[in-house]
Each structure stands twice: as structure tokens, then as C-alpha cells.
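Structure first, commentary second.
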Amino acid sequence: MHLIVQRYGNFIYGKSVSSIASLILSWVVLQFSEDRDRVERGIRELAYLINNKTFLLTFIRTLEQQQKFTVWDRVELGSLISVALQPNMEYHTDILKTLLAELIERTMNNPKKEAKILLRRSESVAEKMLSNWFAFLLQKFLKECAGEPLYLLFRAIKQQLDKGPVDAVTSDAKYSLNEEKLLRQIVECRPITLRFRSPDAHAVQDPQTVKVLDCDTISQAIDKILDILYRNAPNSSKPDRDSLILEWVKPTGERVVMTDDDPAFSKVESDHCKRLVTLQCYKITDNATVALTPRHHVMDSKSSLPKHDTSSSSGNYHGSATGDSLSRANSTNNILDPASTKQKVLPYHLVKPSEADVHQEGDRNKMVSEIYLTRLLATKGTLQQFVDDLFETIFSTTHRGSALPLAIKYMFDFLDDQALLHNIGNVDVIHCWKSNSLPLKFWVSVIKNPDFVFDIHKSNIVDACLSVVAQIFMDSCSTSEYRLGKESSSSKLLYAKDIPKYRRLVERYYSDIKSMPAISDHEMAAVLAEESRQHRNEFNNSAAIFELHKYITSYKSEIMDALKEDEFARKNHLAERLFDVNNLLNISRLT
């Protein structure tokens, strides 16, 4: 299991690392600017202001009062502030508690707002900062405790899916846990074992064997081989699948190049569909030997190798062993008919587009049939222990001798205090606040996105199965009556007997935390200081501060007016200091 730096970036920004990099592009450019010294001085001055509680709260309140300040702006602002304040988590926590208290008060004073839905969404700076706060402080617990059952669940889902056919185009699978991605057509296939040779001298040494299905595409077979070769290595160390060629090495020594779009087998049909090539097409036998070879080596030595059409190759539809899907509605992914540039050709693997459309209009709008429910139940039974282990780890105050992270107790006590302050006697409201703040805001994201935590590849079909687990997790935290009916989803039917058990687990978890001794401010301060120390160099705090200035530029007059109206801000000349910051930074504000 490989934790990567991405563990924070994805949680905080909700983006890939490449997207986060673009966020601070202007800061990187400034490192080569002739105004660098002046800008760095402006960054230091702005950092001083941000670490002034009066300024920061005035800044946030003013922006949130602006009508054109969108939900996305609030999310981004909350993330930037979290990064900027990471070196001082104690101050970060103080700001967060102040903002949360104000948000709770506004909600309780507004009769149009329901108290139970407070903190459910990230529609305020406070809510996003709360998500980030837990992401910072639960990283150790995630790494040492919850990470293992999460990874094992991911592996179990992947292995279960690999036992049956997976459509490389639609991602539908025979052993899906998600009814929407269930392969409903009967697909004739048989398992075969392939012996293979490693293309990398540093990978696991030969001989190696891999179990595949003869209905697998060539790309799916390559993915399964790479999974074996790099089973103990991070996904990022794997070679790109499209840089490899799979060859069948016959007993005579003849080597047959196999591709998804081999023109000998893959032809445009009368309805403008084109089937991807599978192992069946080559009549490959059990225990056959195959070899993974770098594509450029084969291209250099075999002029007869079919050239990969970039519009029809596996590189375009990304059909992994567990089925990354190609949207048939997306014309950019369709294959051009060689005979006509006007008619698009639809690639398919196990199910033709016309058959899938008819099936979707029929069965998928009805209650899940008995045969499909039986298959879903079988998959659910295989994964049950892994789901139980994950839920029990998350909702336990003493898992395997590991103590509950103090951050959870500290924040839950804060929410309890706020409920007392506002005379909230409804226990369901407090239960919802706790569920919305941690399980539904942090853990659901972790369950649905294990690739935020581990260096792994999460295919579309695995994502669909994890979404079912995440939905059950959410239902377990709810206080609403759990009713089943004709409109109930298959996931609710599958876990109907488990939800009550999980809900009791959640209730006991909240009760156990409440009964624990309160955490002193001194004890929490030590935890927060250690968190800042351990991860001090994992963020470019200066880049975050520089990005915050774009909001100051956009709402300069409103912020200045608010600072001039505040007595403490006037006493400390905060408006004047901000004016100086603007003079230093505006000259190099990149658009």
C-alpha cells in the first residue's frame, strides 16, 4: 500500500494533482520574474494580515456576503486558507471554530433552514475548512488503521470483478455490486492461464502465470499481466499499457502480435459498429506463452505490425481489465469509418450498442429481477467481511489498540456545546451534525476515492461498486426511517438486513465518544502543533497566500470598507497595511 503526497491535495481541492499544479502556475512563473523580491515582500506582508484574526474573519465574512461570490469560490477560498494556515494549526482551528459557531447561529436564526442539514454540503468557507481540517488530522489514523481495510476492500472488489467478463467499453460486469453496471447479457467465456515473460528486468522475475478470460480484450489481458508483475509496486511505476505489445509465442517459436483492433478480426459491420478483438479471436490455448514487448521494439523489427489507429486503439477507450468505459454519446471517442469520414463507427466489446439500448429501456426501469438479484447477492456475500471490517474500523474508538484521534473527540464536543448553547434537545439533530461533519464529509470521500489515498488505478466499474458501499455507509449514518418499497434501489434491498446493524454501530460510536473525558486546550494544542511540524514542508503556503490575493483584488473596495468600519482593524491600521500589500502584489498579478 503506497501513500502518496496526493493524499492531501485531492481531499482539499477535490482535483487531481495536475489541476492543483495549474492553480499555482502564476506563483511558479513569478520565481523567474524581475519583480520577485517585491512580490515576496508582498507575500510576507499578506501572510502577516492572514495571521491576524480580525483581518482574516473580516475578509471571509465580507466575501461571503457578496452575491457574485459563488459556491465554488467559497470552496476554493476555504482550501486556500487551509493551506495557508497549515503551519499554524492551532490558529487554523480557532478560525474554524469561530466560523462554525457563526454558521450554526445563522442557521438556527433562520426559520427557512433545517438544522439537520447543517454541514451536509460544502457551501460555505467554514464547511470546506472543516473537511480539510479532518483531512489534515486524520491522515495518521487513515495510514495506520483505516487504510488497511480500505485497501483490502478495493482489492477484493477488483478480484471479484476479474472472475467474470467485464465489458471494456461500457464497464458493465457480470459480478458488479452496482445494478446499473451489471452485465445482463449471457456471455460465453472460459478461464485460461497464460504464461508470460516480463518486459522489465527489474520487475518480478519469470516464470509467471496469470488467469484471464478468453473473452478479454488484448488490453484487458495486458492489464491483468501488469497487475501480476507490479502487484507490490505503486500504480505510477507501471509502464503505460499502450506502450506495450502482447505477443503470443507459439511452441514453434513464431510470435503473433495481438491487438484490440487487428484488422484480421475487427471489421466495420453493417450497422457501423466495430467489435474489439478478444483472445478468443486468436484461438489462444490454455497455458500458452505470451510476451509483453515494448511497442517501439516490435515496430522496429516487424514492418507487418498493424498500425494502431489512434481513434480506435485501446489508448482511446481505455478498456482496462476492470473496464474503463467509453461513453458512446461522446462523438470524440467514436471511430471514423475508413470508407467515409461522415459516418461514425461505434466500438463495442461484449454488448453491441443497439442491444444495450434496448436492454436499458426495458429491464433497468423495473425492479431488479430474481436472477440478477441472486448474482448481486452472491457478490455482496463475497465482499461482506471486507465491508464489515472497514465500517467497524471507522466506527470504533479503540480499534486494535489504536486510540481514537483526538480531533474527532474535540470537534464532536464542540458540536455538543453548540447544541447546548442553542437549546437543541433533539438528539437526531446532533447526530446529523456529527454525521455531516465527519462520516459524510470525509469518510464517504475516502471510500469512493481510494485513489486519493493510495497510488492505485480505480477503474469505472470499481468506482461504481465503491459507490454502492459509500451509499450504504451514508444510510448507516442517517436517522431517517429505513423503508423498502417498489422504488427502492437494489443496494437498499441488498443491505436491508445490514443497515440496522450498521446504524447501531454508529450510535454506539457517537455515544462512546461523548462519554470519553474531555480534551484540554493544552492537550489539543500539542496535537495541532505536532501536526504542523510534521507536514510543514508538504505545501507551498506562499503560493496559497498569493492566490488569496486575487480575491482581495476582486473585492478590494468591499474589504477596505469593512476594515475601516471595524474598531480593532482601525486601531491596528489593517486597511493601510492591505493597501501596501496591493501595491506590492498587483503589479505582478498574472491573469
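The values are calculated or read from the model by the stated rules, or taken from the named source; none is laboratory data. Just so we're clear, the structure is a prediction, and the values are computed from it rather than from any experiment. In this analysis, Cβ positions are derived from the backbone assuming ideal geometry, glycine residues included, and neighbour counts consider all displayed protein chains. With ligands, DNA and RNA removed, areas are computed over all heavy atoms of the protein, side chains included. Shrake-Rupley method; radii C 1.70, N 1.55, O 1.52, S 1.80 Å.
Could you pull the accessible area for S542 with a 1.4 Å probe, rounded to 10 Å²?
Here the residue's solvent-accessible area equals roughly 40 Å².
Please state the shape class of the stretch 475-575: rounded when a/c is under 1.5, otherwise prolate if a/b exceeds b/c and oblate if not, all from the C-alpha gyration tensor.
Since a/c reaches 1.5 and a/b is larger than b/c, the shape of the stretch 475-575 is classed as prolate.
Please work out whether the stretch 165-282 counts as rounded, prolate or oblate from its C-alpha gyration tensor, where a ≥ b ≥ c are the square roots of the eigenvalues and a/c under 1.5 means rounded, while otherwise a/b larger than b/c means prolate and anything else oblate?
Oblate, because a/c is 1.5 or more while a/b does not exceed b/c.
Give me the extension gain from Q385 to I117: residue separation times 0.36 nm, minus the current Cα-Cα distance, reported in nm with one decimal.
Computed gain between Q385 and I117 is 93.3 nm.
With every protein chain kept in place and ligands, DNA and RNA left out, what is the accessible area per residue of the stretch 66-225? Probe 1.4 Å, answer in Å².
Normalised by residue count, the accessible surface of the stretch 66-225 is 39 Å².
Just to verify a number: FRET efficiency for E105 and T70, C-beta to C-beta distance, R0 = 35 Å, to 0.05?
It comes to 0.90.
Over the stretch 423-545, with a single point scatterer placed on each C-alpha, what log10 of the ratio I(q)/I(0) does the Debye formula yield at q = 0.16 1/Å?
At q = 0.16 Å⁻¹ the computed log10 ratios are -1.03.
What share of the DSSP beta bridges in the stretch 141-261 is antiparallel, in percent to the nearest 5? Each step should come with its number before you reach the end.
Working: 11 of 12 bridges.
Antiparallel bridges: around 90 percent, rounded to the nearest 5.
How many angstrom separate the Cα center of the stretch 233-269 from the Cα center of the stretch 399-453?
Computed from Cα coordinates, the inter-centre distance equals 49 Å.
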